[in-house]
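Here's the structure we're looking at; comments come further down.
Taken together, the values in this text are just the output of simple stated rules run on the coordinates, not laboratory data. Given the structure is predicted, the values throughout are model-derived calculations rather than measurements. Methodologically, a virtual Cβ is constructed for each residue, glycine included, from the backbone with ideal geometry; neighbour enumeration extends over all protein chains shown.
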Amino acid sequence: MTNVVAPPAANPWDVTEVAERALDVLRLDPSDMDAARVEAKAAEAVALIDAELDMAVPYATAASIPASVFGAAVTLTVELYRRKDAPGGITDSWSADGTYLRLSADVMKGVKSAWPNFGHCWSTISMSGRSFFRCVTNAFVRSWPNA
């Protein structure tokens with residue numbers, strides 16, 4: 001039996017709005033020479049969030065995307081943009097005891113907590129020679145036999 005998993009739904013993001021909000025956070029002018037880089041990072045951020053949410057059905061409009069998920073897209077855009085300033089994952093910041101601060105290898109780590117109830121991840125598992133669909137949603141797992 002071959003199982004094909006559909007790609008996550010692409011939500012109708014307003015990538016320009018995400019980039020504009022990120023520019024505000026970064027205190028950059030929209031005519032700044034890095035504005036195009038921020039716009040590219042916004043497109044990357046929404047694609048990463050769509051993949052992480054793994055929704056079967058997208059939101060109907062950009063306005064229907066929850067504020068917490070939209071805010072996570074803005075935060076992720078800023079974090080992706082700022083990674084250029086941290087070669088090797090070491091920032092130019094330091095702690096009170098004089099040690100350097102490292103960036104997380106998981107770019108989604110800082111924003112995943114914004115949507116604890118939105119994700120839907122489907123997979124197929126085999127147990128005792130039987131195939132099961134597995135749905136992980138809202139911090140619980142439900143499994144049932146694959147027909």
Item to complete: With a point put 7 Å past each Cα toward its Cβ, work out how far SER68 is from ALA56 in nm, to one decimal.
Response: 2.2
Item to complete: Quickly work out the THR16-to-ALA36 label distance, labels modelled 7 Å from Cα along the C-beta direction, and quote it in nm with one decimal.
Response: 1.7
Worksheet item: Which shape class, rounded, prolate or oblate, goes with region 15-114 when its Cα gyration tensor gives a ≥ b ≥ c as root eigenvalues, a/c under 1.5 marks rounded, and past that a/b bigger than b/c marks prolate?
Response: oblate
